[in-house]
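A short worksheet on the structure shown next.
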C-alpha cells in the first residue's frame with residue numbers, strides 16, 4: 001500500500017520536471033530584454049535546460065578564455081559583484097555591447113544571448129561540486145577558435 | 001489452395017522484401033570485408049538455428065504420433081525414446097560448437113586488418129552531426145570535413161571514434177558493424193570497402209531529440225578518385241564568383257564565423273561543422289536536407305523549424321544578406 005507521504009513525494013518529483021522543460025521550435029526571442037521585469041525572462045532564468053545551453057555556448061564562443069574560474073576582479077563572473085549592474089537587462093547589455101571589437105551583439109544571435117545571460121547570472125549560485133561536474137560534462141566540447149578535437 | 005490473385009500479391013510482397021535487402025543502408029548487402037564477415041556469421045546462425053527449430057518441431061510431432069499409437073502402454077524400457085534423446089543431445093552440441101567456431105572466425109576476420117597499413121581517420125560525434133578528419137599522408141596534418149565520409153576502394157581505413165557531448169554510435173551497415181562513441185574514450189574500427197558507390201551511415205545510439213537526423217553519406221571510390229578528393233579538401237575555400245557571393249562572404253564572417261570555419265577567410269569558429277567545401281557534399285545538416293541553394297537558404301532562415309533543438313541558432317539576417325550567404329555557400333565546392 002502506498003502511503004500519503006510517498007504520494008506527496010512523487011507529486012513533488014513530477015512537479016520538479018517543469019524546471020527541465022524545453023521548448024523546441026521556432027518561437028524564439030528576437031529582441032533584447034526591455035527591462036529587468038521582461039515577461040520572457042522567467043522562461044530562461046527558471047529553466048535548467050536554457051541555463052545549461054548558455055553554459056555550452058559560453059564554452060563554444062570561448063568566453064572561458066578570459067572569464068575562467070580563477071580570473072581576477074571584474075573578469076570573475078561568479079563573485080556576485082557587477083560593475084554595470086546585475087539585473088537581467090544590464091548583464092545582457094554588458095555581454096552584447098561591452099566586449100569591444102568582439103561585438104557580440106552582431107555575432108551572437110539574440111536567443112543565445114538570452115541563454116548566456118541566464119547562465120552568467122546563475123554562476124554565483126554554482127557551488128564547487130556543481131562547477132566540477134559541469135567542467136567534466138563539457139570536457140570534450142569545442143572551445144573557442146584554437147580547439148582541435150576532444151582530448 | 002491459394003487463389004491466383006492472392007498468390008500474385010504474395011510474390012510481389014516477397015520481391016519487395018528481397019529488394020529491401022539491397023539498400024544503401026543494409027547489413028544484408030555487404031560492401032566491405034567486416035560487413036562480409038558479419039553477414040557470413042548471420043547466415044550461419046540462420047542455418048544452424050533453423051535446423052534446430054526443425055528438429056524440435058519434428059521431435060514434437062514424433063512424440064504426439066507415438067503417444068497416440070501406444071495409448072496406455074507405457075514401459076520403463078523405451079529404446080526408441082533413448083535413441084531419440086541421445087541424437088538430439090549430440091546434434092545440439094554439434095550445432096553450438098559450429099556457432100562458437102563461426103563466431104570465433106568472424107571475430108578474427110574483424111580484427112584481421114589491425115596489422116595492415118591503414119588510412120587514418122578521426123570521427124567525432126556531436127549533437128547532431130559528425131566531424132570527420134583525415135590525416136594527410138604527405139604533411140601529417142589533419143584535414144577536416146563533416147557529415148560525408150569518403151573511403152578508397154580496397155584500402156583499409158582505421159577510424160578513431162570520439163564523442164564531444166553524449167554517447168553516439170557509428171554505423172555504416174554495408175561496410176562494418178557498429179561501435180559506440182563514448183565521451184572521454186577512443187574506440188577504433190577498421191573499414192575495408194570492396195564495392196564502389198554511395199552508402200549511408202547513421203547514429204545508432206539514442207543521443208537526443210534529433211538522433212534520427214544524425215546521418216552521413218558514405219562514398220566508396222577508386223583510390224585515384226579518392227586521392228584527388230582529399231587533395232581538393234586540403235585547399236582553402238574558393239573565392240566568391242560574383243558580387244553577391246562576395247557580399248555573402250563578408251556577412252558570413254560575422255555571425256556565422258563565430259561557430260563555423262571556412263579556411264582562407266576570417267570565419268574561424270570551431271563549434272560547428274567545417275564549411276570550407278560545403279557545396280561539394282551531398283546533404284545539409286547531417287542528412288536533413290539535400291544540398292541545394294534553396295536548402296541552404298531554408299536551413300539558414302529556420303534551422304529550429306527544420307531540425308528542432310539543433311544547436312545551429314536562428315540568425316537574424318536581412319533577406320538580401322541571407323540570399324548572399326546562401327549564394328556564397330553554394331559556390332564553396
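The values are calculated or read from the model by the stated rules, or taken from the named source; none is laboratory data. Keep in mind the model is a prediction, meaning the values are calculated, not measured. Backbone-built Cβ (ideal geometry, glycine too); neighbour counts: all protein chains shown.
Here are some notes:
- Residue match in region B:259-279 (condition: part of a helix (DSSP H, G or I), modelled with pLDDT under 95 and more than 28 Å from the chain's Cα centre (by Cα)): no
- Answer residue from region B:299-324, given it is part of a helix (DSSP H, G or I), within 14 Å of chain A (Cβ to nearest Cβ) and over 26 Å from the mean Cα position of the chain (by Cα) and is surrounded by the fewest Cβ atoms within 10 Å (Cβ to Cβ) among those: B:301
- Residue within region A:32-46 that is modelled with pLDDT of 80 or more, within 13 Å of chain B (Cβ to nearest Cβ) and within 21 Å of residue A:123 (Cβ to Cβ) present: yes
- Filtered residues of region B:178-212 (kept if surrounded by fewer than 20 Cβ atoms within 10 Å (Cβ to Cβ), within 14 Å of another protein chain (Cβ to nearest Cβ), within 14 Å of residue B:127 (Cα to Cα) and out of contact with any strand residue (DSSP E or B) (no Cβ under 7 Å at 6 or more places or on another chain)): B:208, B:209, B:212
- Every condition in (1) surrounded by fewer than 17 Cβ atoms within 10 Å (Cβ to Cβ); (2) touching a helix residue (DSSP H, G or I) at 6+ places or on another chain (Cβ under 6 Å); (3) more than 21 Å from residue A:106 (Cα to Cα); (4) without any contact (Cβ under 8 Å) to a residue 24 or more places away in the chain holds for residue B:266 except the one numbered (3).
- Of all residue pairs spaced 6 or more apart or on separate chains, those with beta-carbon atoms under 6 Å, a first member in region A:123-141 that is within 21 Å of residue A:88 (Cβ to Cβ) and a second member that is surrounded by 12 or more Cβ atoms within 10 Å (Cβ to Cβ) are A:123/A:77; A:123/A:78; A:124/A:78.
Here's the yes/no breakdown for (1) farther than 30 Å from residue B:70 by Cα; (2) touching a residue at least 40 places away in the same chain (Cβ under 8 Å); (3) surrounded by 14 or more Cβ atoms within 10 Å (Cβ to Cβ); (4) in contact with a helix residue (DSSP H, G or I) (Cβ under 8 Å, 6 or more places away or on another chain):
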site: B:85; (1), (2), (3), (4): no, no, no, no
site: B:100; (1), (2), (3), (4): yes, no, no, no
site: B:117; (1), (2), (3), (4): yes, no, no, no
site: B:127; (1), (2), (3), (4): yes, yes, yes, no
site: B:130; (1), (2), (3), (4): yes, yes, yes, no
site: B:144; (1), (2), (3), (4): yes, yes, yes, no
site: B:147; (1), (2), (3), (4): yes, yes, yes, no
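- Residues being touching a helix residue (DSSP H, G or I) at 6+ places or on another chain (Cβ under 6 Å) and within 13 Å of another protein chain (Cβ to nearest Cβ) - total across region A:104-133: 8
- Residue match in region A:79-98 (condition: at pLDDT below 90, buried (at least 17 other Cβ atoms within 10 Å of the Cβ) and not in a helix (DSSP H, G or I)): no
- Taken over region B:65-98, the residue count meeting the criterion of being part of a helix (DSSP H, G or I) and either over 38 Å from the mean Cα position of the chain (by Cα) or under 26 Å from residue B:188 (Cα atoms) (or both) is 17.
- In region B:245-258, residue nearest to the other protein chains (Cβ to nearest Cβ) [restricted to those that are part of a helix (DSSP H, G or I) and within 16 Å of residue A:105 (Cβ to Cβ)]: B:258
- Residue tally, condition in contact (Cβ under 8 Å) with a residue 24 or more places away in the chain and either over 20 Å from residue B:207 (Cα atoms) or in a helix (DSSP H, G or I) (or both), over region B:280-291: 4
- With respect to the conditions (1) under 26 Å from residue A:58 (Cβ atoms); (2) touching a residue at least 24 places away in the same chain (Cβ under 8 Å), residue B:302 lacks only one, and its number is (2).
- Residue among A:93, A:140 that is away from every other protein chain (no Cβ under 14 Å) and over 12 Å from the mean Cα position of the chain (by Cα): A:93
- Residues that are out of contact with any helix residue (DSSP H, G or I) (no Cβ under 7 Å at 6 or more places or on another chain) and part of a loop (DSSP other than H, G, I, E, B) within region A:134-151 comprise A:139, A:140, A:145, A:146, A:147, A:148, A:149, A:150, A:151, listed in sequence order.
- The lone exception for residue B:242 - which of (1) more than 30 Å from the chain's Cα centre (by Cα); (2) surrounded by 14 or more Cβ atoms within 10 Å (Cβ to Cβ); (3) more than 14 Å from every other protein chain (Cβ to nearest Cβ) it fails: (2)
- Residue list for region B:121-175, restricted to those being more than 18 Å from residue B:270 (Cα to Cα), part of a loop (DSSP other than H, G, I, E, B) and more than 14 Å from chain A (Cβ to nearest Cβ): B:136, B:137, B:138, B:139, B:153, B:154, B:155, B:156, B:172, B:173, B:174, B:175
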